[in-house]
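Visitor: I have a structure I would like to understand better, so I am pasting it below and will then ask my questions one at a time.
The values are calculated or read from the model by the stated rules, or taken from the named source; none is laboratory data. A quick note: this is a predicted structure, and the numbers were derived from the prediction, not measured. Positions of Cβ are backbone-derived with ideal geometry, glycine not excepted, and every protein chain shown enters the neighbour counts. We work out accessible area using only protein heavy atoms, side chains counted, and drop any ligands, DNA or RNA first. Shrake-Rupley method; radii C 1.70, N 1.55, O 1.52, S 1.80 Å.
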Amino acid sequence: MRPYRLGDIGPAVREINQILAGLDLVASGHDEYDDATENAVRSFQQGRGLTVDGQVGAETWRALEAAQWRLGARALFHAIPEPLVGEDVHALQERLLEMGYDVGRADGIYGPRTARMVAQFQREVGLYPDGACGPQTMHALRRLGRKVVGGRPQWLREAEEFRRNGPNLIGKTIIIDPGHGGDDPGIVVPDGPLRWTEADLSFDLAARLEGRLAAAGMRVHLTRGPVGTGELTDLARAQLANELGGDLFISLHIDGHANTDADGVASFHYGTGNGVTSTVGERLAGLVQREIVARTGLRNCQTHAKTWELLRLTRMPAVRVDVGYLTSPLDRERLIDPHFRDRVVEAVMAAVQRMYFPVEQDVPTGSFDVRELRAAVA
Ligand SMILES: [Zn+2]
């Protein structure tokens, strides 16, 4: 075909302008190939890795035709021998890549690799894995797309498993990880003849929590004992949690700072801070944070996304909570009181319960009674 270029007029140019208008590259679908059209074609060619000449030849024409398709406008599948090509395929590939499915380069071609990754996605969300992207798969992509922005397939599994497992604590495995231990006391604050350490206080919290969770029917594992031998790395803690097949992972720390005015509680879940996040981990962190703030009066230092090994390598929803500052006289006075530590434990307990409790039966933060939980699951 003779390329369309500057100065041409007619229905074909109108069609070109209409497609460019749909891509927001020109203002309207007029029928003159003017400067605006030429500039738009150049920028379109640049974006697609085509030869940038400002003219619409056969190759650019095919690319423009493919660009018309919006994701969801047609069913996508691995067509043979001519694969489907289009903007919609490109959008699907980008979406899959964001969620951690390796489709290779997002080239806008629905090839065998894209089909394989769609099948894997379908398996993970419980759809029939035919590798084709029809209405049901599109719906699942949209639904999960809102919840999971970026990340790894395992987060989809996390979310789906939680939905499937139902509101039952009994038989669930929870890993409690008291921070530090062994040769590493963590934050240390001398207090007259006494010496408060983060390792001891976090172990005390973990042991109290272990008792409460076990009484509610959960299988509970601690990552360390009260007096450890060598130091346990975050990597080793994550591996242990994975080997034990935990459903939830809670790491307990107490913070410290040179400024004794620093105080409060903060919770951490896996995430990069620019949208990539463990959805279920974020929910767990949010619940733990809310319950502790509501029940203890510790200052709310919010939840934060972190890429720490402990949160990144654990294969289950994981949270690390820093319960107050040992270096703050205000927080320390609370933390050394066993009754206060029981309130912290009640709060974590309520957060775990909320993770599994049906949303419609939920009650206001800070008001959940663990005895109700036991009655509910009995
Ligand atoms: Zn610590």
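Visitor: Would you pick out the residues in segment 91-130 that are of a type in the set (F, W, Y) and out of contact with any helix residue (DSSP H, G or I) (no Cβ under 6 Å at 6 or more places or on another chain)?
Guide: Residues of segment 91-130 that are of a type in the set (F, W, Y), as a first pass: 101, 110, 121, 128.
Listed by number, the residues that qualify are F121, Y128.
Visitor: Given the criterion open to solvent by less than 10 Å² (accessible area, probe 1.4 Å), in a strand (DSSP E or B), in contact (Cβ under 8 Å) with a residue 40 or more places away in the chain and in contact with a Pro (Cβ under 8 Å, 6 or more places away or on another chain), identify the matching residue among L252, L205, L284.
Guide: Numbers: L205 fails: in a strand (DSSP E or B); L284 fails: in a strand (DSSP E or B).
On inspection, the qualifying residue turns out to be L252.
Visitor: Can I ask one more? Pull up segment 185-198, narrow it to residues that are surrounded by fewer than 24 Cβ atoms within 10 Å (Cβ to Cβ) and near the ligand (Cβ under 9 Å from one of its atoms), then point me to the one that is farthest from D263 (Cα to Cα).
Guide: Taking segment 185-198 as the starting set, the residues that turn out to be surrounded by fewer than 24 Cβ atoms within 10 Å (Cβ to Cβ) are 185-197.
Going one step further and asking which of them are near the ligand (Cβ under 9 Å from one of its atoms), we end up with 186-187.
Details: G186: 17, I187: 14 Å.
Among them, the one singled out is G186.
Visitor: Just checking, does segment 99-113 include any residue being on the phi < 0 side of the Ramachandran plot, modelled with pLDDT of 85 or more and either in contact with a Cys (Cβ under 7 Å, 6 or more places away or on another chain) or hydroxyl-bearing (S, T, Y) (or both)? Break it down into steps so the answer makes sense when it comes.
Guide: Kept after step one, since they are on the phi < 0 side of the Ramachandran plot, are these residues of segment 99-113: 99, 101-103, 105-107, 109-113.
Going one step further and asking which of them are modelled with pLDDT of 85 or more, we end up with 109-113.
Then drop every residue that is not either in contact with a Cys (Cβ under 7 Å, 6 or more places away or on another chain) or hydroxyl-bearing (S, T, Y) (or both), which leaves 110.
Checking segment 99-113: at least one residue is on the phi < 0 side of the Ramachandran plot, modelled with pLDDT of 85 or more and either in contact with a Cys (Cβ under 7 Å, 6 or more places away or on another chain) or hydroxyl-bearing (S, T, Y) (or both).
Visitor: Tell me which residues, restricted to segment 214-239, are in a helix (DSSP H, G or I), surrounded by 19 or more Cβ atoms within 10 Å (Cβ to Cβ) and among the aliphatic types (A, V, I, L, M).
Guide: Within segment 214-239, just A238 meets the criteria.
Visitor: Would you call R105 outside any helix (DSSP H, G or I), free of Cβ contacts under 8 Å to residues at least 24 places away in the same chain and either farther than 19 Å from R48 by Cβ or open to solvent by 10 Å² or more (accessible area, probe 1.4 Å) (or both)? Show your work before the answer.
Guide: Values: outside any helix (DSSP H, G or I): yes; free of Cβ contacts under 8 Å to residues at least 24 places away in the same chain: yes; either farther than 19 Å from R48 by Cβ or open to solvent by 10 Å² or more (accessible area, probe 1.4 Å) (or both): yes.
When the stated conditions are applied, R105 passes them.
Visitor: I've got another one for you. Restricting attention to segment 34-56, does a residue exist that is buried (at least 16 other Cβ atoms within 10 Å of the Cβ), under 25 Å from A115 (Cα atoms) and among the hydroxyl-bearing types (S, T, Y)?
Guide: Checked segment 34-56: no residue is buried (at least 16 other Cβ atoms within 10 Å of the Cβ), under 25 Å from A115 (Cα atoms) and among the hydroxyl-bearing types (S, T, Y).
Visitor: Next up: Would you mind stating whether R62 is surrounded by 15 or more Cβ atoms within 10 Å (Cβ to Cβ) and not in a loop (DSSP other than H, G, I, E, B)?
Guide: On the way: surrounded by 15 or more Cβ atoms within 10 Å (Cβ to Cβ): no; not in a loop (DSSP other than H, G, I, E, B): yes.
No, not satisfied.
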